[in-house]
1. Return yes when A:Arg440 is in contact with a strand residue (DSSP E or B) (Cβ under 9 Å, 6 or more places away or on another chain) and either farther than 27 Å from A:Gly97 by Cα or more than 14 Å from chain D (Cβ to nearest Cβ) (or both) and no when it is not.
2. Within segment A:452-489, how many residues turn out to be without any contact (Cβ under 8 Å) to a residue 12 or more places away in the chain and surrounded by fewer than 18 Cβ atoms within 10 Å (Cβ to Cβ)?
3. Out of all the residues in segment D:92-100, is one or more part of a strand (DSSP E or B), under 23 Å from the mean Cα position of the chain (by Cα) and more than 9 Å from every other protein chain (Cβ to nearest Cβ)?
4. For segment B:68-101, what are the residues that are among the aliphatic types (A, V, I, L, M) and either surrounded by fewer than 15 Cβ atoms within 10 Å (Cβ to Cβ) or assigned by TED's automatic domain parsing to the domain that holds B:Asn10 (or both)?
5. Given the conditions (1) without any contact (Cβ under 8 Å) to a residue 40 or more places away in the chain; (2) surrounded by fewer than 24 Cβ atoms within 10 Å (Cβ to Cβ); (3) within 14 Å of chain D (Cβ to nearest Cβ), and given that A:Ala241 satisfies all but one, which numbered condition is not satisfied?
6. Which one of these is closer than 14 Å to C:Val78 by Cβ, of a type in the set (Gly, Ala, Ser) and surrounded by fewer than 18 Cβ atoms within 10 Å (Cβ to Cβ): B:Ser55, B:Ser34, B:Ser13?
7. I'm trying to understand the selection: among the residues of segment A:168-185, which are facing another protein chain (nearest Cβ under 8 Å) and touching a residue at least 40 places away in the same chain (Cβ under 8 Å)?
Amino acid sequence: MSDHHAPQSLLSRVFSTDHKVIARQYLYLGLVGLLVAGLFALMIRWQLAYPGDAFPILGNLFWGETNGVMPPEFYNMLFTMHGAMMVFFAITPIVIGAFGNFAIPLQLGADDMAFPVVNMLSFWVMFLGAVIMTISFFVPGGAAGGGWTAYPPLSGVANYGVGHGASLWLLGIAFAGTSSLLGAVNYVVTTLNMRCAGMTLMRMPLAVWGLFCTSVLNLLWVPVVAAALFMMFMDRTAGTAFFLAGPGSLFAEGGALAGQSGGQPLLFQHLFWGFGHPEVYILIFPVWGLVGDLLSTFSRKPAFGYKATVLSMITILFLSQIVWGHHMFTSGMSPLLGTAFTFLTITISVPTAIFFLNWLCTIWRGSLRFTPPMLFALGVVFVFGIGGLTGLFLALQALDIWLHDTYFVVGHFHFTLAASVFFGTFAGVYYWFPKMFGKRMNQSLGKWHFYLSFVSLTFVFFMMMYIGATGAHPRRIADPTVYNFLGPFQDANVLIGWGAQFLGVVQLIFVWNFFTSIRSGEPASDNPWEASSLEWVAPTPPPHGNFPVAPTVHRGPHEYNAPETGERGWLTQAEPSA
Amino acid sequence: MTDAAHPKVNAISIFLWLAVLTAAEVGVVYLHLSPVVLAALLVGTAVVKALLVASYFMHLKFEGKLILWMVGGTMILATFFLLMLWPDIVGDPWAWVMAEG
Amino acid sequence: MTQSSTYPATPHGVLNTGVNTGKLGMWVFLASEIMFFTALIGSYIVLRLGADSWPVPGDYLAVPVLAVNTFVLITSSVTMVKAVQAFDAGDNDRSARLLLLTALLGCVFLTIKLWDYNHMIHNEFKINTNLLGSIYYFLTGFHGLHVLGGVISLLVIRSGVKSGKLLGGQHFRVEGVGLYWHFVDLIWIVLFAILCLV
Amino acid sequence: MERLITINDAVTEIDWIFDYATILTSCIFAVVLAMLIGFAIKYRERPGHKAHYTRGDSPAAVRMSIVVAMLVFFGVDISLAYFDHHAFLELYGNPPSQDEATVVDVFAKQFEWNFAQAGSDGEMGTEDDIFSINKLTVPAGKPVLVRMRSLDVLHSFFIPYTRGKQDVLPGMTTAFWFDPDKTTAAARAELDDPNFEYEIACAELCGLGHTTMRGIMTVLTPEEFAVWEAEESANAANFDMPEIWWDWSLDPADYAEEDE
């Protein structure tokens, strides 16, 4: 362990093993990823709103030969990188990397992660992945263009129209996966073994429970997708054919797959979605935990049914690993399996309903403080309500055969994944900013940021679901005007386009607020939100080693307005009752 | 440390068992049995050897419930995952439609 | 012994679960490795049973060489167990010697494998000749990488044991690298039986 | 904008399930929204109002959770799954047999649909087979069985009016079937849009031309179809596509043994 009192050399500061420094590094990487992937989203929506016309600025910059009109392979690259960078290089670094690294040791009363060096490695492997992804843009043929799901044979063969960037893309995602794996080992062992005196499993804040479930899923399923990605990398470069199939003529001399012998494309889909569905739960679990904590903290009353919420989370932890087939109802998977996966998938709505009900009962008869974290937490309750309920449509086999690969699916997962995790990210940043940076963010700017984002985001994603369900608007098409049956829905695309641009501009409020507060926000007290979990017991910003005096925990994480708290109405977990 | 010092594991006897089983495996291959019987025998010996290494060399026999549950749970999850792969990759999921004659 | 810590207040390793933090970490990592090799070996099993025809491995692979390799890896497992027992008994020098022997056996395994690779590539059995080739090179390649990782960590731990620098905190590392090494041996046992013989 | 028309009445069951699920989830969401907004307003922080301390682990709370869980599971999940499974069996449960259906062999390639139909002799693989690109003509009244394979990448055969789609894979024959009852002319009359066409789209990303993989399906009355078929198979276009129809077994018997 590095010596703490000697002046820290630049190297030990950059490659620091302090979980708080690593949390900030993840936060910055994640925000950059969020910004870049967000820009891609704006470009996608602009292209769909005005498919035929020249693209405003980039048009004559890049595509002189088609006088400014965006070529379809660039559009494919746009939504591929939008999806991949959002999932692996924006949400994962912030929600799991930054919040996990910052909150777990502090909320458990530990001094650092179980394996600090492995923790540092996990960030720099993710950074390496990000570098590889950036390089993949400038490789001949451009970045990957086969969708973030990279189905073979399109993404599995070099000359099927997807650029050489796809090989680098596979490595970039494999690196990001390895980084999540290293982080997950750390989170699980720290949560199990590094809790301070008195901190039993049932006294841990819900955020730590969420991150624990995330890490278990990461641990088990990231290696599976890493194996699939390496196999596809070999298909693209070394001439193997794990996932490539086709007629004999293809494999004969001169054929596109000359010299290879057939594998099965469905195998990749099973391996990918075997990881894919747990992945979407990996991204939402920390937000579920955080929202449970925030609703309780800002309603000044304990989380309703703590044990029931934890039990539902663990049930979902198991169920989420056996339902991946609902992504593949129309993919050639046998209909018998489809029916089995339908019945498995609908059972997930029961534990989800339970902890969702507990959220609502938490704010029932509370005394609500509408600070930005609370507003974003309530926002998550709203958008995840819509997202969760629309998931029921897609779990059903016959209905999914109609709705699959339409904008209804895009609307659904943007509600559950983009909207809920987007609000969860900002709830966490606004909540932990005082403790992380020692300064307060401007609260009214935070509220404006919430209201404007909430309105535009709900409008944009709801419209997506509308055109998907009513007009069967296929997904991932560059120019909707090709099909006559989409004619009446083109002005809906224009509305969504402008809504998305507005949503993008509104985020500048946060960027401004974030950076000005870091430089010149007024100093924050140790416990600005009067919360009771252990990170608010540590000084602001917490020194290396976090707690000058080892905390001992006396009560559950949300004992607000308990009889023992007397007049002040709250006691931190570490304060013995009077 | 609350971890009890590990009871003495007789490494040599375990090694002998492993060596004998490996020799048997290689020997069985040259007996030209039917593929299914050969596969069953080989998978059987592989499982036995794996259990030997896991329980004695990796002290799984002397570990607490937490680690046993972790490893056991992962193995169950792995077998479930492969079984669900079976109908699509091993069988032809759409043959029943073509056979409608 | 609880891991002594250089941090001011909180003891680094408060053992809530009674399992040593390093051991828990290694077993959690091995759980993810199990899932990794499940994906690899599982894909092989499923692809093979789904394929119409499958070449007899005996024609392409040198089974006797692989059998020798299996013996090499099993003996390295034994020396590993002995090394851990020696370290527990406090005999650092003997443990360091045994760790070196295990690492050397690992290197022998790798050299035999590389020799086997280029022998096969020499007579036209490359990674893209057929699905058996792709799977064989891919699976044994990844296993080889894991063996290489094991050899490097063995040497690193050995230098720690030799110089007696292993503080209380890192006491578990010898057993940790032992667990990893036995796991890699276990995977080879499964691979040898399923891939090379049947 | 109301929903696209359907090609037959059986498929409207999918629309019915969608509406049923919409109503069900909207009711639940209305309750959730009422609770969310109501509690936010009623229990906002104001002087003299203190939060009510409850951990929510009283037997009453547990009972409520179980009741809600049962309500959600049986009321929503099982009812939706029941109707959905019923619709699935009815629409996709039993494929039409090849002799009583119009068999169409689709061969998807990067960025076009190749259709092949047995000519007037009803035998596939004879000279009078009808090949066409991006143009499918089928008789109304008889079920259509579409057997699909792809030469290169994944595609997805999607006719929005049949409320269904099916991916087309290289190396595996997938099938999709529907009953075209409404002819193109009838559809035009119903929508009084003279140049309405049943469009075929590709729903699985297949590369640069994924957007342009558009096909037209024309549904004729049986008589018109017979005339069309006779005329087409008379001068069967000498499509030089023999190499595409590689080892595609057309005889159901081959698939039969594989079955048991």
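1. Details: in contact with a strand residue (DSSP E or B) (Cβ under 9 Å, 6 or more places away or on another chain): yes; either farther than 27 Å from A:Gly97 by Cα or more than 14 Å from chain D (Cβ to nearest Cβ) (or both): yes.
When the stated conditions are applied, A:Arg440 passes them.
2. Final tally of qualifying residues: 4.
3. Here is the first cut: in segment D:92-100, the ones part of a strand (DSSP E or B) are none.
No.
4. B:Leu68, B:Met75, B:Ile76, B:Leu83
5. (2)
6. Going through B:Ser55, B:Ser34, B:Ser13 in turn, just one is closer than 14 Å to C:Val78 by Cβ, of a type in the set (Gly, Ala, Ser) and surrounded by fewer than 18 Cβ atoms within 10 Å (Cβ to Cβ): B:Ser13.
7. Once the filter is applied, which keeps residues that are facing another protein chain (nearest Cβ under 8 Å) and touching a residue at least 40 places away in the same chain (Cβ under 8 Å), segment A:168-185 yields A:Leu181, A:Val185.
Conditions (1) free of Cβ contacts under 8 Å to residues at least 60 places away in the same chain; (2) away from every other protein chain (no Cβ under 12 Å); (3) touching a helix residue (DSSP H, G or I) at 6+ places or on another chain (Cβ under 9 Å); (4) acidic (Asp, Glu), marked per residue:
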site	(1), (2), (3), (4)
A:Ala98	no, yes, yes, no
A:Asp112	no, no, yes, yes
A:Phe127	no, yes, yes, no
A:Ala130	no, yes, yes, no
A:Thr149	no, no, yes, no
A:Pro153	no, no, yes, no
A:Gly156	no, no, yes, no
A:Gly163	no, no, yes, no
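The values are calculated or read from the model by the stated rules, or taken from the named source; none is laboratory data. Keep in mind that what you see is a predicted model, and the values were worked out from it rather than measured. In this analysis, Cβ positions are derived from the backbone assuming ideal geometry, glycine residues included, and neighbour counts consider all displayed protein chains.
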